[in-house]
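Peer 1: This structure is in structure tokens; I'll ask about it shortly.
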Amino acid sequence: MPEKTYTDEELRARLSPEQYEVTQHAGTERAFTGEYWDNKDPGTYRCVVCDEPLFTSETKFESGSGWPSFYRPVDDNAVETQSDASHGMARTEALCASCGAHLGHVFPDGPQPTGDRFCMNSASLRLDRDTTSDDAEDGSA
């Protein structure tokens, strides 16, 4: 059960229509259109709803899917999973453990060390950029 809850009015005031649809109605942004799918900036990816840390740029990888992909959450308790049989498919849905926001899906085709691909919607994330990194100063990652 999520520990952080928000009224529909609060969420609609704080989130863009796309962020609201993705996080509250398990929507999916179009591939290769989200803000973070090819972002290489160092930092921590947080839940756009409750601001809890979910992933770090160190676990982000290029999956070719068109969505930001990570091989593990920042903490084992940051992301919850549940079965998702929507759209005639058997998938594993990823949810923010703190507020229950829909993040994306998890697939067993990621790199080692986990073998998982947390395929997230950019609309469910906010990047807290690491401005202390040498990579951040020269624009490379």
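Peer 1: Please specify each residue of the range 25-43 satisfying the condition of being surrounded by 17 or more Cβ atoms within 10 Å (Cβ to Cβ) and in contact with a Lys or Arg (Cβ under 9 Å, 6 or more places away or on another chain).
Peer 2: Once the filter is applied, which keeps residues that are surrounded by 17 or more Cβ atoms within 10 Å (Cβ to Cβ) and in contact with a Lys or Arg (Cβ under 9 Å, 6 or more places away or on another chain), the range 25-43 yields TYR36, ASN39, ASP41, PRO42, GLY43.
Residue-wise test of (1) in contact (Cβ under 8 Å) with a residue 12 or more places away in the chain; (2) farther than 25 Å from LEU11 by Cα.
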| site | (1), (2) |
| --- | --- |
| GLU29 | yes, no |
| VAL48 | yes, no |
| GLU62 | yes, yes |
| PRO68 | yes, no |
| ARG72 | yes, yes |
| ALA78 | yes, no |
| ALA90 | no, yes |
| PHE107 | yes, yes |
| MET120 | yes, no |
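Peer 1: If we scan the range 4-22, do we find a residue that is surrounded by fewer than 19 Cβ atoms within 10 Å (Cβ to Cβ), within 18 Å of LEU95 (Cα to Cα) and small (Gly, Ala, Ser)?
Peer 2: no
Peer 1: Within the range 71-120, restricting attention to residues that are buried (at least 21 other Cβ atoms within 10 Å of the Cβ) and in contact with a helix residue (DSSP H, G or I) (Cβ under 6 Å, 6 or more places away or on another chain), which residue is nearest to GLY43 (Cα to Cα)?
Peer 2: Within the range 71-120, the match that is nearest to GLY43 (Cα to Cα) is LEU103.
Peer 1: Within the range 115-141, count every residue that is at pLDDT 95 or above and assigned to a helix (DSSP H, G or I).
Peer 2: 3
Peer 1: Next question, about the same structure. Among (1) surrounded by fewer than 19 Cβ atoms within 10 Å (Cβ to Cβ); (2) under 16 Å from HIS102 (Cβ atoms); (3) not basic (Lys, Arg), which single condition is PRO68 missing?
Peer 2: Here PRO68 clears every test but (1).
Peer 1: So which of GLU93, GLU35, GLU29, GLU58 ends up being assigned to a helix (DSSP H, G or I), among the charged types (D, E, K, R) and either touching a Cys at 6+ places or on another chain (Cβ under 7 Å) or at negative phi (or both)?
Peer 2: GLU58
Peer 1: Are any residues in the range 2-26 assigned to a loop (DSSP other than H, G, I, E, B), hydrophobic (A, V, I, L, M, F, W, C) and touching a residue at least 60 places away in the same chain (Cβ under 8 Å), and if so, which ones?
Peer 2: Within the range 2-26, ALA26 is the sole residue that qualifies.
Peer 1: Residue check: is GLN112 modelled with pLDDT of 95 or more and more than 28 Å from ARG14 (Cα to Cα)?
Peer 2: yes
The values are calculated or read from the model by the stated rules, or taken from the named source; none is laboratory data. If you're wondering where the values come from, they're calculated on a predicted model, not measured in any experiment. No Cβ is skipped: glycine too gets one built from the backbone with ideal geometry, and neighbour counts run over all protein chains shown.
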